[in-house]
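The structure appears right after this line, and notes come after that.
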Amino acid sequence: MKILVVNSGSSSIKYRLYDMAEESLLAKGLVERIGIEGSLINHYPSGKDFLKKEIDIPDHRKGIELVIEALLDSRYGVIKSISEISAVGHRVVHGGEKYSGSVLLNEDVMNTLNEFIELAPLHNPPNILGIKVCQDLLPNIPQVGVFDTAFHQSIPEQAFLYGIPYGFYEKYRIRRYGFHGTSHKYVAQKAAEMLGKDLKELKIITCHLGNGSSITAVKEGKSIDTSLGFGTISGVIMGTRCGDIDPAIIPYLMEKENLSFKEINNILYKKSGFMGLSEGISSDMRDLEEEAIKGNKRAKRTLDVLYYGLKKYIGAYTAAMNGLDVLVFTAGIGENSPKLRRAVCEDLNFFGIRIDDKINYDQNGKKAIISTEDSKVTVLVIPTDEEFMIAHDTAEICNNFRPKAGH
Ligand code: ADP
């Protein structure tokens, strides 16, 4: 069973083709700068030369056409006919309160997705566009939607409600939704697999730390709380996003600096976090770590704020679950920064967290147990693979919908 995974953004399309029988990647690629000058496709078939094609890509339709062409290409292709693709799995950022799992994308679901545009105005429209183009170009192939929010739909009311008038929840569905759900679910499952334990018996905190970051408490295999909320801005500080702040700051700043709604939004989402606290050093962790080593105080204070924020979430979620068995680090920073893992885990011995710093550094970037033998909590590094999780869910849904033999 071959599954195509599509992640359609406003000006890019990321794709992967998997053979699920072997759980192997056949090809991956990226269409970039859609509708912008200098558009191109980079196609990487496994075990073959890669293809880079600079070509005018005015819209998503042309982008997907190029993906299909590349997959079928006599030299760079990996399939002979489009009919080899059993299903397409799409990443969809927001599934609102309706979807707690992945779904087959029929007309009803598509109508509902349009209703969620209000909740994710930047992400859902290009996701929906990608789905429509694939439905058009691959009409006989089932399409499945996999939502970033779905895994967090198990969060109980006490954790998803905000302390604002309840009517706003009823009227506008303002509540904690959470994001990166596909990644949190994937690493939680992998953690249980790695330890040979039943996911249902574990209390896990998963730290997805990339350009966007979120921490999730996973109890008995279910998300019970997560640090991103209604928007993609709360929790720990991120590349350019502010993380948790006192809401009183917003009207105060708007008044003092005479800012419009758009301008304050831009500051909180695009000019804050690492970039803002470091006064412009960078939104990239590698640059901050390099500067901090050289003694740059702006870089150092930014890292300290992040480490402290992470410690607080670990403490809070340990309390929320009344215990902790496993702590997982994943995504760009979580997988690749031993310095951050050490800084976050040190002085957490009260919680039974102890890491072996040699393994922490030696095994950097790889799947590894980095805690000491006597650590009460097992600390893991697990490279995330959201695309594989999307392919996995898509295959599962299509298998369930396929008419059984004899029916
Ligand atoms: P996204 O959220 O866009 O998917 P990633 O998961 O790729 O982001 O994470 C990007 C972050 O990972 C950047 O801050 C980058 O600096 C950081 N990162 C990547 N490699 C390293 C490394 N070797 N050491 C420290 N940070 C790293």
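Derivation of every value follows stated rules applied to the coordinates shown; laboratory data play no part. This structure is a prediction, so every number in the text was calculated from the model and none was measured. Glycine gets a Cβ as well: all are built from the backbone with ideal geometry, and neighbour counts include every protein chain shown.
Does the range 100-155 come out rounded, prolate or oblate, given a ≥ b ≥ c as the square roots of the eigenvalues of its C-alpha gyration tensor, rounded meaning a/c under 1.5 and, failing that, prolate meaning a/b above b/c? Judged from the Cα gyration tensor, the range 100-155 comes out oblate (a/c at least 1.5, b/c at or above a/b). Note on the range 313-391: Rg/Rh from Cα positions, Kirkwood definition for Rh, rounded to two decimals, is 0.98.
Ordered from longest to shortest, the equivalent ellipsoid semi-axes for the range 269-407 are 34, 22, 15 Å, each the square root of 5 times a Cα gyration tensor eigenvalue. Over all pairs of different C-alpha atoms, the range 157-219 has a mean inverse distance whose reciprocal, the Kirkwood radius, equals 13.6 Å.
The alpha-carbon atoms of the chain define a convex hull whose volume equals 176 cubic angstrom per residue. Inter-part distance, the range 280-336 to the range 155-171, computed on C-alpha centroids, equals 29 Å. Which whole-number percent gives the relative contact order of the range 275-407, counting Cα pairs below 8 Å spaced six or more residues apart? Once divided by the residue count of the range 275-407, the mean separation gives 18 percent. If only the Cβ of Lys and Arg carry +1 and only the Cβ of Asp and Glu carry -1, the dipole of the chain around its Cα centre is close to 320 debye. Expressed as a whole percent, the proportion of Cα-Cα pairs in the range 1-79 lying more than 20 Å apart is 26%. When only Cα pairs below 8 angstrom with a gap of at least 6 residues are kept, the chain shows a relative contact order of 13 percent. Among 117-124, 203-210, sorting by the average number of other beta carbon atoms lying within 10 angstrom of each residue, highest first, gives 203-210, 117-124. Sorting Leu105, Leu137, Leu199 by the number of Cβ atoms found within 10 Å of their own Cβ, with the fewest placed first, yields Leu137, Leu199, Leu105.
Between Arg342, Arg75, Arg354, the Gaussian network model of the chain with springs among Cα atoms under 10 angstrom shows the greatest mean-square fluctuation at Arg75. Classified by the C-alpha gyration tensor, the range 252-335 has an oblate form. Its axis ratio a/c, with a ≥ b ≥ c, is 1.5 or above, and a/b does not exceed b/c.
Mean residue ellipticity at 222 nm, helices only, the chain: -11500 deg cm²/dmol; runs of at least 4 DSSP H residues each add -39,500 (n - 2.57), and the sum is divided by the number of residues.
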